[in-house]
Amino acid sequence: MNKEQLQLRKRSPIQIKNKKAAFEYFFIEELTAGIVQTGTEIKSIRLGKASLVDTYCTFINGEIWVKGMNISTYFYGSYNNHEAKRDRKLLLTKREIRRLQSATKQTGYTIVPTLVFIDEHGRAKMDIALCKGKKQYDKRQTLKEKEDRREMDRAMKV
């Protein structure tokens, strides 16, 4: 990811994060994908009514899909409101899909959504990461580093 892309994410008014993913996994590679949406889903995302808790990506017929993503129904939607927890297709190039699919065949690797944001054109995008699961001692090390950073920040403020 280059500096331009990082700045766009920081300027995005909506940033729905999967905070648990960084604790549970080591990120090997990150990609940005578009999300295929129907009906009123984009309106709910713009209101921040989405969640990435317990989401994961899977391959179906050579396409990548995100499962378990919750986008709440739009309050002002009528009979054509969307289903909250349906599977959603992600838009990536064939080369990226093939590379991710071959990487996930190795044991211990998976693809996890890390962030949903709105780009400069008003479209919903999702950052996904190729991840390797952490062991219990790695998680303890992560907690210790986080606690140390917090203590250093407190010392700097005083």
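The values are calculated or read from the model by the stated rules, or taken from the named source; none is laboratory data. Source: prediction; values computed, not measured. Here Cβ is always computed from backbone atoms with ideal geometry, including for glycine, and neighbour counts include all displayed protein chains. Ligands, DNA and RNA are excluded from the accessible area calculation, which covers all protein heavy atoms including side chains. Shrake-Rupley method; radii C 1.70, N 1.55, O 1.52, S 1.80 Å.
Shape call for the stretch 78-158 from the C-alpha gyration tensor, a ≥ b ≥ c root eigenvalues: rounded (a/c under 1.5), prolate (a/b greater than b/c) or oblate?
Values: a/c = 2.39, a/b = 1.44, b/c = 1.66.
Oblate, since a/c reaches 1.5 and b/c is not below a/b.
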- prompt: Which of the listed residues, Ser44, Gly68, Ile118, is farthest toward the dipole's positive end in the stretch 37-158, when Lys, Arg count +1 and Asp, Glu count -1 at the beta-carbon?
  reply: Gly68
- request: Using a 1.4 Å probe and ignoring any ligands, DNA or RNA, find the accessible area of Ser44 and quote it in Å² to the nearest 10.
  value: 0 Å²
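Once every DSSP H run of n ≥ 4 in the chain is given -39500 (n - 2.57) and the sum is divided by its residues, what mean residue ellipticity at 222 nm do you get, rounded to the nearest 500 deg cm²/dmol? Don't skip to the end; give the middle numbers.
On the way: 5 runs with 54 residues, N = 158.
Only helices count here, giving -10500 deg cm²/dmol.
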- prompt: Whole number please: convex hull volume per residue of the Cα set in the stretch 16-77, in Å³?
  reply: 105 Å³
Pairs from Lys19/Lys67; Lys94/Lys132; Lys105/Lys146; Lys132/Lys157 whose Cα-Cα separation, in the structure shown, is over 28 Å: Lys105/Lys146; Lys132/Lys157
- prompt: Quick one: putting +1 on the C-beta of Lys and Arg, -1 on the C-beta of Asp and Glu, what dipole do you get for the chain around its Cα centre, in Debye to the nearest 20?
  reply: 180 debye
- prompt: Distance in nm between label sites at Ser12 and Ala84, each 7 Å beyond Cα in the beta-carbon direction?
  reply: 2.3 nm
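Near Glu151, within a Cβ-to-Cβ distance under 15 Å, what is the net charge of the other residues, with Lys and Arg +1 and Asp and Glu -1?
Numbers: positive: Lys144, Lys146, Arg149, Arg150, Arg154, Lys157; negative: Glu145, Glu147, Asp148, Asp153.
Summing Lys and Arg as +1 and Asp and Glu as -1 gives +2.
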message: In whole percent, and with a 1.4 Å probe on the protein chains, what portion of the accessible area of the chain is carbon and sulfur?
response: 50 percent
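How would Val158, Val116 rank on accessible area, largest to smallest, probe 1.4 Å? Don't skip to the answer; put the middle values down first.
Details: Val158 155, Val116 0 Å².
From most accessible down to least: Val158, Val116.
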- request: About the Cα centre of the stretch 114-158, how large is the charge dipole given +1 on each Lys and Arg Cβ and -1 on each Asp and Glu Cβ? Please answer in debye to the nearest 20.
  value: 300 debye
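How would Glu63, Glu145 line up by accessible area, probe 1.4 Å, largest first?
Order by accessible area, largest first: Glu145, Glu63.
Could you calculate the FRET efficiency of Arg99 with Thr142 from 1/(1 + (r/R0)^6), where r is the beta carbon distance between them and R0 is 25 Å, rounded to 0.05? Mind dumping the intermediate values first?
On the way: r = 27 Å, r/R0 = 1.08.
So, using R0 = 25 Å, E works out to roughly 0.40.
Would you work out the Kirkwood radius for the chain? I mean one over the mean of 1/r across all pairs of different Cα atoms, in Å. Intermediate values should be presented prior to the final figure.
Details: mean 1/r = 0.0583 Å⁻¹.
Evaluated on the chain, it is 17.1 Å.
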query: What does the convex hull of the Cα atoms of the stretch 58-109 come to per residue, in Å³, rounded to a whole number?
result: 93 Å³
